[in-house]
Each structure stands twice: as structure tokens, then as C-alpha cells.
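Q: Can you keep this structure in mind? I'll have questions shortly.
The values are calculated or read from the model by the stated rules, or taken from the named source; none is laboratory data. As the structure is a computational prediction, the values presented were derived from the model and not from experiment. Every residue, glycine among them, receives a Cβ derived from its backbone with ideal geometry; neighbour counts consider all protein chains shown.
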Amino acid sequence: MKSLRAVGPERRRRRWPFLLLSSILVGAILIGVVTLQALVSQSSFRMQLLVRQNAALRQHQGELQLTASQLSSPERIFQAAKKLGFELPAPGQVHQLTAGTQP
């Protein structure tokens, strides 16, 4: 029969480096996961802000395009010129010049 023997202090000492290394590794992984989660959350908040800004800027662009279209309307320009006293020239008063020729 085999006899039982007591486990000496050497065996217990060998466990401490393993437990210490394991604890450090688990702690480092935990810190890494928490940091990664914080970065993902920040990115999500930033993305939501950018989406809202994009929507607001698109709305403003649409308003500016409408204003530009209204201001460049030939009818509006004609009415503004008429109000300032401008008149359409007579047919013989308009001459088109091209480069290198004289009227």
C-alpha cells in the first residue's frame, strides 16, 4: 500500500506566483474591457451628436437654396429693377461686342 505523505511548504509556495500572475492578468483584461466599453460609449454619443448636426445643416442648406432661388427669380429681378427706375432698352440700343472687333 501507498503511504500518505504531507504536502510540504514548497508546494504552497509554487501556487502564489501562479495566483499572483492570474490575478494580474484578470485585472488587466478587466481594465481593458472597461476602457473599451467607455470608448464605444463616447463614440456612440459623438455619432448621435453628428447625426443631429447633419440634420440641422441639411435643413439650413434647404432654406438657403430656397432663398437663393427666390432671390434669383427673373420676375423678382425685373420688379426690383423697375422699382429703381431701370427700363428695358430699345432694340437698337443693345450691341454685343466680341473680342477683337469694334462696333
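Q: Filter segment 57-95 down to residues that are in a loop (DSSP other than H, G, I, E, B), loosely packed, with under 10 Cβ neighbours inside 10 Å and of a type outside the set (Val, Ile, Thr), then give me how many there are.
A: Final tally of qualifying residues: 7.
Q: Still on this structure, I have one more. Just a yes or no: is a residue in segment 40-55 surrounded by 10 or more Cβ atoms within 10 Å (Cβ to Cβ) and at pLDDT below 95?
A: no
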